[in-house]
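Structure first, commentary second.
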Amino acid sequence: MARIFITGSSTGLGLAAALSLLTDGHEVILHARNPERASALRREGTTATAIVTGDLSLLADARSIAEQVNALGRVDAVIHNAGLYGETGKGRTTEGHSVMTAVNILAPYVLTALIERPKRLVYMSSGLHRGGSPALDDIDWTKRRWQPGQAYGDTKLQIVALAFAVARAWPDTFSNAVDPGWVRTRMGGSSAPVDIATGQATQSWLASSEDAAARTSGGYWHAMRREAPAAPASDTVYQDRLLAELARLTGVYLGD
């Protein structure tokens, strides 16, 4: 039995993964954006071990979430599920960051650095990472004209590179990225071809399975199979430059 923390797990793929893992007998720590949503989850009768709260668009809240998780004791795995797509990522946070950049890459980076190191890390990406730009001079969108599709692709390329950088830096931790496909969720819409049970399966398996294939690191996964990602994600120079830029933007450094 594993203890697993899942970001963005009050709805959608995150909640589906949580329910699957709970059914399999694992302990799950949920994350909700605010106390109101956490209360709603409790009213819905969740059997999760705990629910931590915080707005992942805010670095201060990301730090708080890490503190809340650490206070509950070391977890075996973290699924970095939370993410924004399209116009939901438009605008800037009260801390001055692009909302999409903050949620999709800054928060996972901060949580990775500050949560006591687990045995497994799973980062949610997308097939759209293949259209992401490897340029790192303006990942916070302070100079460029806002383009939601490009911003999403960029962050999803960055999250794969982060997963691979962590796999390289922390050889005792299994770190992988997952493309769940186009899933029928509130984000994906009703016309998406992948059902939610299928969409959550790969990340839940990577976070908990004792199968030899799941106990590997530095992979990009889709539909339970390892695939080749966009080339920049595997470039160690790009990975190191990304880590340096994330450290600069957040003031948090990933430990060796």
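Coordinate-derived values only; no laboratory data. From a predicted model like this one, the values you see are computed outputs, not experimental measurements. Here Cβ is always computed from backbone atoms with ideal geometry, including for glycine, and neighbour counts include all displayed protein chains.
Can you divide the C-alpha Rg of the chain by 2.2 N^0.38 Å and report the result to two decimal places?
Normalised Cα radius of gyration, the chain: 0.91.
Where the eigenvalues come from the Cα gyration tensor of the range 36-92, what are the semi-axes √(5λ) of the equivalent ellipsoid, largest first, in whole Å?
So the three semi-axes of the range 36-92 are 22, 16, 11 Å.
Can you put 196, 159 in order of Cβ neighbours within 10 angstrom, beginning with the fewest? Please list the in-between numbers first.
Values: 196 20, 159 26.
So the residues, fewest neighbours to most, are 196, 159.
Would you please name the trypsin sites (Lys or Arg not before Pro) within the range 135-231 that are DSSP coil residues with at most 14 other C-beta atoms within 10 Å of their C-beta?
143, 145, 186, 215
Taking all pairs of distinct Cα atoms, average 1/r, flip it, and tell me the Kirkwood hydrodynamic radius of the range 102-229 in Å to one decimal place.
For the range 102-229, the Kirkwood estimate is 15.3 Å.
Return the percentage of antiparallel bridges among DSSP beta bridges fully within the range 3-250, rounded to the nearest 5 %. Present the calculation step by step, with values, prior to reporting the outcome.
Working: 4 of 27 bridges.
Around 15 percent antiparallel, to the nearest 5.
Using the number of other C-beta atoms within 10 angstrom as an exposure proxy, rank 187, 224, 1, 124 with the fewest first. Mind showing how you got there, number by number?
Details: 187 16, 224 13, 1 10, 124 25.
Exposure proxy ranking, most exposed first: 1, 224, 187, 124.
Tally the DSSP beta bridges in the range 76-196 and give the antiparallel ones as a percent, rounded to 5. All intermediate terms of the calculation are to be shown ahead of the outcome.
Details: 1 of 11 bridges.
Around 10 percent antiparallel, to the nearest 5.
If the reach is capped at under 29 angstrom between alpha carbons, list the lysines near residue 119, excluding any in the same chain fewer than eight residues apart.
Here the lysines satisfying the reach criterion relative to residue 119 are 156.
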